[in-house]
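The structure under discussion appears below in the form of structure tokens.
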Amino acid sequence: MLPRRIFNHMSTAVLALVLALFVWLVANYEQERPRKDRFPEPIPIQVQNRPDDVVVINKPATTVEVEIRAFASSWETLTNDSFVATADWSDLSTGVNIVPVQVVCTDRTVTIEDVHQDSVIVQVEPLVSREVPVTIDVTDRDELPLGYDAMAPSIQPVAVTLSGARSAVDAVVRVAGSVSVANQRTTYEETVRVRALDSEGRTVDTVKVEPTDVTVRVVVQKRENFREVAVRARTSGVPARGYFVSSVSVSPSTVTVFGPPDTIDAMGSVVDAAGEIDTTGVTRSFADRLPLSLPAGVQVYGAPVDQPFEVTVSIGIDPVIGGTTVELPLRIVGLGEGLSADVSVPVVDVLLTGPSAILDTLQTNLLDATIDVSSLGEGTHQLRPRVNKVAGADSPLQQLTVKEILPEMVQVTLARMPTTTPGAARTLAPTVTPTTAPTRTPQSSTAP
């Protein structure tokens, strides 16, 4: 009886364990039930066995999308790196090829149900190459200086190699670059980027050009009976006292002349304007026009034949800058009612700079040195003096600059004036303190 009872108990326990395991599996399945859906990220396609003797002339798809079945826990950890999509190009042939795409997942619990666009279209042509001579276009010849010519350019290397799809290479009719000779007077070299062009002058971008740059040398030389010369103008006389000639400029500063070759060869590099410009007594800049002094038979290129060629000469006249120190009496302004002012110094030294001609005739009574005590009350104050010019806006005095005032700060003591006692029988006469007349200490003038 005992063994039978033990057997019954063991059978019951095993059955309970099996039922518990079944319930756990059902509950876990309900929680981890596989879900079928499209993976949200595109999978990049890896090309394998790409042939070297063909060129792809279309744009094959580079990604695919997949529909998968996976547990919830797998969906949470999957990325596009969990998938590998490959396309084998080893069997490509000239023309249009349909290449299948294989997709696998590194997670073995994931099932790939479908691959959207499970193949790619690859159109290829044979890879060819050919050598093409280089053409260099010389531009802006009309902007060369007068009397100069540009020769045909020399190119190194003279040819380049084109490589690419047969149709693209066949479409190239020339390989060309360009150089500008604008304002060039001497032979020069330049590195030029060349391009493969079709019959309509458009760049064929799908063709590889080797090398992409060439060295171009352009010889620029003067014509035998032409010469470019600088123009010079001369002055005479002396400007007014306190002024000097600061600049002499000519427009145009250079001209191209032509004439008999022997005469042109004998000319120097400079031609003078005829005559001299008189600057006697002048005080401001001015301009004048003068003809050129040219040898017989020589003319300015581009100028009318029946009249002389003239240039504009601009003469700069500037004042000689100097400096001087003047002594000015201080004047209190803005003094409040009932206050008196005691100034520590009665005069200040003022350093002025400006045109020497104005400094030489300076009238110091046109300068006013003041200290403003507006809004100040009783007490001792350190104030900065100011100098004003008592002259109109167009007065030559406005050309002077106050460089420094010494002392920089002046002590002013403001005090309340005593009030008069009512009924006083005596009235005090006001006391007048004489003010020292302004004086001037000239300093040596210097020309800039």
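None of the figures in this text is laboratory data; all of them are computed from the coordinates on show. All of these numbers come straight from a predicted model, not from anything done at the bench. Glycine also receives a Cβ, built like all others from the backbone with ideal geometry; neighbour counts cover every protein chain displayed.
Annotations
- Summarising the amide proton neighbourhood of VAL204: residues at separation of 5 or more, or on other chains, whose placed amide H is nearer than 5 Å comprise ALA196, LEU197, ASP198.
- Spacing of the two label points (7 Å from each Cα toward its C-beta) at ALA152 and ALA230, in nm: 3.8
- Alpha carbon convex hull of the chain, projected area averaged over orientations, nm²: 64.9
- Scoring 156-169, 139-152 by mean Cβ neighbours within 10 Å over their residues and listing the highest first yields 156-169, 139-152.
- Between the C-alpha center of region 213-281 and that of region 311-342 there is a gap of 45 Å.
- Considering only the Cα atoms of region 352-400, their convex hull presents on average a projected area of 4.6 nm².
- With 0.36 nm allotted per residue and the present C-alpha distance subtracted, the VAL305-ALA274 stretch has 9.4 nm of extension available.
- On the basis of the beta-carbon distance and an R0 of 22 Å, ARG386 and SER344 show a calculated FRET efficiency of 0.85.
- Distance between the modelled labels on VAL238 and VAL220, one decimal in nanometres: 4.6 nm (7 Å Cα→Cβ projection).
- Building the convex hull from the alpha-carbon atoms of region 117-261 and averaging its projection over directions returns 17.9 nm².
- Convex hull volume per residue for region 226-319, taking Cα atoms only, in Å³: 87
- Simple rule: put +1 on each Lys or Arg Cβ and -1 on each Asp or Glu Cβ in the chain, find the dipole, and look at VAL204, MET10, ASN80; the Cα lying farthest toward the positive end is MET10.
- Computed over the alpha carbons of region 35-117, Rg followed by Dmax gives 14.8, 47 Å.
- Gained length - VAL248 relative to ARG174, 0.36 nm times residue gap less alpha-carbon distance: 21.3 nm
- When the inverse distances between all different Cα atoms of region 263-382 are averaged and flipped, the Kirkwood radius reads 21.0 angstrom.
- With the simple model of a label 7 Å out from the Cα in the direction of the Cβ, THR312 to THR401 spans 3.0 nm.
- Computed from the Cβ-Cβ distance with R0 of 35 Å, the FRET efficiency linking ARG108 to ARG50 stands at 0.75.
- Segments 68-80, 307-319 sorted - mean Cβ within 10 Å per residue, highest first: 307-319, 68-80
- DSSP beta bridge pairing in the chain, given as percent antiparallel to the nearest 5: 85
- Under 20 Å from the ASN58 label point (7 Å along Cα→beta-carbon), backbone N, region 184-225: 206-207
- Considering only ALA393, VAL300, ALA61, and ranking their Cα positions along the charge dipole of the chain that arises from unit charges at the beta-carbon of Lys, Arg, Asp and Glu, the one farthest toward the positive end is ALA393.
- Efficiency of FRET from Cβ geometry, ASN365 and ALA266, R₀ 51 Å, rounded to 0.05: 0.20
- Model label zone, THR206; criterion: amide N under 13 Å from point 7 Å along Cα-to-beta-carbon; scope region 112-147: 122-128
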